[in-house]
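Single-structure report; data block below.
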Amino acid sequence: MSLLEVTDLRVSFPTADGVVQAVRGVSFSVEPGRTLGIVGESGSGKTVLTQSLLGLTPGGQISGTALFDGVNLVGLDPRSLQKIRGKDIAVIFQDPLTSLHPLYKVGWQISEMIRAHDKSISKAAATERAIELLGHVGIPRPAERVNDYPHQFSGGMRQRAMIAMAISLNPKLIIADEPTTALDATVQAQILDLLLRLQQESGTALLMITHDLGVVADIADDVMVMYAGRAAEKATKRDIFYAEHHPYTKGLLESIPSSSAAGTRLRPITGQPPSLIHIPAGCAFHPRCAYVMDRCLTDEPDLHPVGDAGGHQSACWLPVSALGPGAAAEDLRVQAVELGRTSRAAQVAEAIAAAPESEGSVIR
Amino acid sequence: MNQRPGSAGPRAAAKFPGGGPEPLVFDAPAEPEPGGDVLIRADGITKHFPVYGSGLIRRKVALVQAVDGVSLSIRRGQTLGLVGETGCGKSTLARCIAGLIPVTAGKVYFEGHDITNLPRRTMQPYRREIQMIFQDPYGSLNPRRRVGSIIGDPFAVHNTATGNERKKAVQDLMARVGLNPEHYNRFPAEFSGGQRQRIGVARALALRPKLIICDEPVSALDVSIQAQVLNLLADLQADFGLSYLFIAHDLEVVRHVSESVTVMYLGRIAEQGPSDQVYGHSRHPYTAALLSAAPAADPDAAAQRQRIILTGDVPSPINPPAGCRFHPRCPKAQNHCTTNEPPLETKAGDPPSHRTACHYPVQQGETLARSGRREPR
């Protein structure tokens, strides 16, 4: 059984400018001991998605179900949610400086977390546990550093302290929201290494939210690519990187400067992500898609199985066997576009090709 | 190193006719630059910031040694990548080269002219040759001014192009960087992050500079938008023969754009050379660690790679470690490294342009990853 089973989750925020549809019907599951990477650009809804599960999106209208260990988190009363939050589901945020209270000692903040969920633990015992945890996550001289304030810690050490806090109650699921984005490369490597080690030791499931495909390639087992509040593609890590189906996933992979193509032109995705108030009709990606077809303008594709192996799903109208960057797959896509594109879609394609950054990537 | 007369710059400036949008023509350099067509050369740049105490008499209590004896040169039409972690002094170095802050020691030569710590007026003609693009496309544009006026600023400051002529020039620039010229009267808030970075590029391009210093120009952008801006920078370089000093912490981005790379650590150069050399045959353990730490968007490569996990964090530049500044984190450090500063020199088997500051450089095929101990300290 899955540890977390999210079905058709929708989150929207009414604002003066209109309704922000941050999450529009996303389903996924997280298995014990596995890592699910959620990838997307800013404004794709990846952070709102996970925060809504924990009741951290005030003002948001949430529908759908999210079964965690058999309990539906959506609509759960705040008291019950509070018992789960921090204890069974821990969160590590992007910015370790703003997520630690600047006026309290680091050790106090960890022991407070422990005692908030179990009052029977004495303060001394909680402090002991905090020292042990700080040592476990690689803070040197933890018995002394436990009395430091957050500003006395470096960025990497603060993130270690956040991780110590997250693992303090042996959670079943850790949600890590861009945990290494604010860190330098060598420190990022340390933190990813630490997360992997802790996961191997305790069998905790990890939900890793990131915009960095490199982090996903490193740490995830399964990947969900999000675009405009929906899942564009969902597959194992290998399928996402080597047999991608959705043109958005393909575009992301081609946008990354990689050593193999040093000095050559990059192929960016044309245009920019849509506003979540005015989401394009049909497939939300169609105004940027190199393979735009007629039905993309009106019909929104749902996730459906693609490829031969099970578990690979994509929300795109292109042929299900057109996978990966190979020439055969590209031929399939071009054929589909030739059949499926008439006047209206052709206009959209012309508009994309006319953009200064298009690089001739649009199929004409 | 040849010392050039310090008056070369001001003399050239005096001959500058003033006005007119055509690019500046300087006197030929007094002597030919070593190494061919060098546009800008920094020689032993040192920048120390004093730290003052909090008492009534604010005494100088310490020195932040942000940059310490760094030399580099950029050839015409080429890109030098500057890599390093937070606090290694790469932005400070860039500001010194651009003449935005005075240097503590060292010299900056632009086309052979000494432009180090020039007074404001004599620096003016050089300012239009050296422009900057900043990291934060939100913070670097005044939110209360229209983009047309922001991009037109350089024309106003240098008193070239006024009125309709200026508007036309600004709109040409907007079109050149992929913005709609009809958006001349919009405010920065009406543009997306990628478009704002294009506004910054247009502003830097306005006076047809020869060198653009790009300080983390794509770090704040999403990958798909990042690729758009990198392609734009490449196009402009080809069209205008621009040189770039390209600062970034993303090693793949730097490799993509740069002919040569300088790796900095705590205010000093760790390794310097052509990109393929520095990336393909890293000699400094820090470069090797940095490269192995950068996550590649390729699961198979990630699984095979020997990751060198460095211990601890970058030390403070107020009290940098003695000897080699990298020695407390270095997997190859010996006693010798704790006391003796390694010179930046070409190691055996490397081309002369590839220099490394290390007593025990990484050998071909050597592996630095320690499998038994994955965690720091």
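Derivation of every value follows stated rules applied to the coordinates shown; laboratory data play no part. These figures come from a predicted structure and were not determined experimentally. Cβ: placed from backbone, ideal geometry, glycine included. Neighbour counts: every protein chain shown.
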Q: Would you mind giving the mean number of other chain beta-carbons within 10 Å of the Cβ of each residue in A:264-276, as a whole number?
A: 5
Q.
Cut-off 10 angstrom, C-alpha nodes, Gaussian network model of chain B. Which of B:Ala357, B:Ala303, B:Ala288 fluctuates the most?
A. B:Ala303
Q. Ordered by residue, what ³J(HN,Hα) values in Hz, to whole numbers, does the stretch B:283-298 give under the Karplus form 6.51 cos²θ - 1.76 cosθ + 1.60, where θ = phi - 60° and Gly and Pro are x?
A. 9, 7, x, 5, 4, 4, 5, 4, 5, 6, 7, 5, x, 8, 7, 7
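Any idea what the relative contact order of chain A is, in percent, if you count C-alpha pairs under 8 Å spaced at least 6 apart? Before the final figure, lay out the partial values.
Details: 693 pairs, mean separation 62.3, N = 364.
Taking the mean separation of contacting Cα pairs over the length of chain A, I get 17 percent.
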Q: Report, largest value first, the span of the C-alpha coordinates of the stretch A:249-354 along each principal axis, in whole Å.
A: 38, 34, 28
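Ranked highest first by the average count of other Cβ atoms within 10 Å around their residues, in what order do B:210-216, B:174-180, B:115-121, A:213-219 fall? Let's see the in-between values first.
Details: B:210-216: 23.1, B:174-180: 18.7, B:115-121: 15.6, A:213-219: 24.9.
Per-residue Cβ counts within 10 Å, averaged per peptide and sorted highest first, yield A:213-219, B:210-216, B:174-180, B:115-121.
What list do you get for B:Val83, B:Val223 if you sort them by fewest beta carbons within 10 Å? Don't jump to the answer; show the numbers that get you there.
On the way: B:Val83 29, B:Val223 23.
Ranking B:Val83, B:Val223 by Cβ neighbours within 10 Å, fewest first, gives B:Val223, B:Val83.
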Q: For the protein assembly as shown, just the Cα atoms, rotate onto the principal axes and tell me the three extents in Å, largest first.
A: 80, 71, 55
Q: Starting from the Cα of B:Thr162, step 7 Å along the direction of its Cβ; do the same at B:Asn335; then give the gap between the two resulting points in nm.
A: 7.4
Q. About the Cα centre of the stretch A:249-354, what is the dipole size in debye to 20, counting +1 per Lys and Arg Cβ and -1 per Asp and Glu Cβ, all else neutral?
A. 300
Q: Check the straight Cα-Cα distances from B:Lys168 and name the aspartates and glutamates below 19 Å, setting aside those fewer than 8 residues away within the same chain.
A: B:Glu22, B:Asp153, B:Glu182
Q. Using the alpha-carbon atoms, what tilt in degrees (0 to 90, nearest 10) does helix A:123-136 show relative to the longest principal axis of chain A?
A. 50
Q: Please work out the C-alpha center-to-center distance from the stretch B:103-145 to the stretch A:81-158 and express it in whole Å.
A: 45
**Q.** Distance (nanometres) between label positions extended 7 Å along Cα→Cβ at A:Glu350 and A:Ser275
**A.** 2.7
Q: Give a residue-ordered list of calculated ³J(HN,Hα) values for the stretch A:203-217 (Karplus: 6.51 cos²θ - 1.76 cosθ + 1.60, θ = phi - 60°; whole Hz; x for Gly, Pro).
A: x, 6, 7, 10, 10, 10, 9, 7, 9, 9, 5, x, 5, 4, 4
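In deg cm²/dmol and to the nearest 500, what is the mean residue ellipticity at 222 nm of chain A if only DSSP H runs of at least 4 residues count, each as -39500 (n - 2.57), divided by the residue total? Write down the numbers at each step before the final one.
Values: 14 runs with 133 residues, N = 364.
Computed mean residue ellipticity for chain A: -10500 deg cm²/dmol.
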Q. Once the piece of chain linking B:Asn319 and B:Glu182 is laid out straight, how much longer is it, given 0.36 nm per residue of separation minus the C-alpha distance between them?
A. 44.0 nm
Q | Extreme residue, positive dipole direction of the protein assembly as shown, given options B:Gly55, A:Val223, A:Leu252 (C-beta unit charges) | A | B:Gly55
Q. Which Rg and Dmax, in Å, describe the Cα atoms of the stretch B:264-330?
A. 13.4, 41
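Where both residues lie in the stretch A:4-220, what percent of DSSP beta bridges are antiparallel, nearest 5? Mind dumping the intermediate values first?
Numbers: 19 of 34 bridges.
In the stretch A:4-220, approximately 55 percent of DSSP beta bridges are antiparallel ones.
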Q.
Relative contact order for the stretch B:143-208: what percent, with Cα pairs under 8 Å and sequence separation of 6 or more?
A. 48
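Please tell me the relative contact order of chain B in percent, rounded to the nearest whole number, where contacts are Cα pairs under 8 Å and at least six residues apart.
On the way: 687 pairs, mean separation 65.2, N = 377.
That works out to 17 percent.
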**Q.** In Hz, Karplus ³J(HN,Hα) per residue of the stretch A:52-61 (6.51, -1.76, 1.60; θ = phi - 60°; x = Gly, Pro)
**A.** 5, 5, 9, x, 9, 10, x, x, x, 9
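If the limit is 25 Å between Cα atoms, which of B:Lys90/B:Lys210; A:Lys46/A:Lys87; A:Lys46/A:Lys172; A:Lys83/A:Lys123; A:Lys105/A:Lys172 go over it? Show your work: numbers first, answer last.
Numbers: B:Lys90/B:Lys210 20 Å; A:Lys46/A:Lys87 22 Å; A:Lys46/A:Lys172 20 Å; A:Lys83/A:Lys123 20 Å; A:Lys105/A:Lys172 27 Å.
Among B:Lys90/B:Lys210; A:Lys46/A:Lys87; A:Lys46/A:Lys172; A:Lys83/A:Lys123; A:Lys105/A:Lys172, the Cα-Cα distance tops 25 Å for A:Lys105/A:Lys172.
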Q: On a 0 to 90° scale, report how tilted helix A:185-202 is relative to the longest principal axis of chain A, with both axes built from alpha carbons and the result rounded to the nearest 10.
A: 70
Q: Could you sort A:182-192, B:262-272 so that the peptide with the highest average Cβ count within 10 Å comes first and the rest follow in order?
A: B:262-272, A:182-192
Q. Rounded to two decimals, what is Rg over Rh for the stretch A:4-220 when you use alpha-carbon atoms and the Kirkwood radius?
A. 0.97
Q. When you look at the Cβ of every residue in B:192-202, what mean number of other chain Cβ atoms sits within 10 Å?
A. 1
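Averaged across B:288-297, how many Cβ atoms of other chains sit within 10 Å of each residue's Cβ atom? Display every interim value, and only then the final one.
Values: counts 0, 3, 4, 2, 3, 9, 5, 14, 7, 14.
The mean count of partner-chain Cβ atoms within 10 Å per residue comes to 6.
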**Q.** FRET efficiency, 1/(1 + (r/R0)^6) with R0 45 Å, evaluated for B:Thr122 and B:Asp350 via beta carbons
**A.** 0.65
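What is the sum of charges, Lys and Arg at +1 and Asp and Glu at -1, for the other residues whose Cβ falls under 15 Å from the Cβ of A:Arg295?
Details: positive: A:Arg333, A:Arg341, A:Arg344; negative: A:Asp294, A:Asp299, A:Glu300, A:Asp302, A:Glu338.
Net local charge, A:Arg295 excluded: -2.
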Q. Helix B:193-205 sits at what angle to the longest principal axis of chain B, using alpha carbons and giving 0 to 90 degrees rounded to 10?
A. 70
(Q) Compute the distance from the alpha-carbon center of the stretch B:274-340 to that of the stretch B:221-240, in whole Å. (A) 29
Q.
If I model a spin label as a point 7 Å beyond the Cα along the Cα-Cβ vector, how far apart are those points for B:Gln364 and A:Ser42 in nm?
A. 4.5
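Counting residues in chain B as N, plug N into 2.2 N^0.38 Å and put the Cα Rg over that result. Write out the running numbers ahead of the final one.
On the way: Rg = 22.0 Å, N = 377, 2.2 N^0.38 = 21.0 Å.
For chain B, the normalised Cα radius of gyration is 1.05.
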(Q) Given a Förster distance of 22 Å, report the FRET efficiency between A:Asn170 and A:Thr7 from their Cβ-Cβ distance, rounded to the nearest 0.05. (A) 0.25
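In what sequence, highest mean first, do B:343-350, A:342-349 appear when ranked by Cβ atoms within 10 angstrom?
Packing order, densest peptide first, comes out as A:342-349, B:343-350.
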Q) Is the shape of chain A best called rounded, prolate or oblate, per the rule: a/c under 1.5 gives rounded, else a/b larger than b/c gives prolate, else oblate, with a ≥ b ≥ c the square roots of the Cα gyration tensor eigenvalues? A) prolate
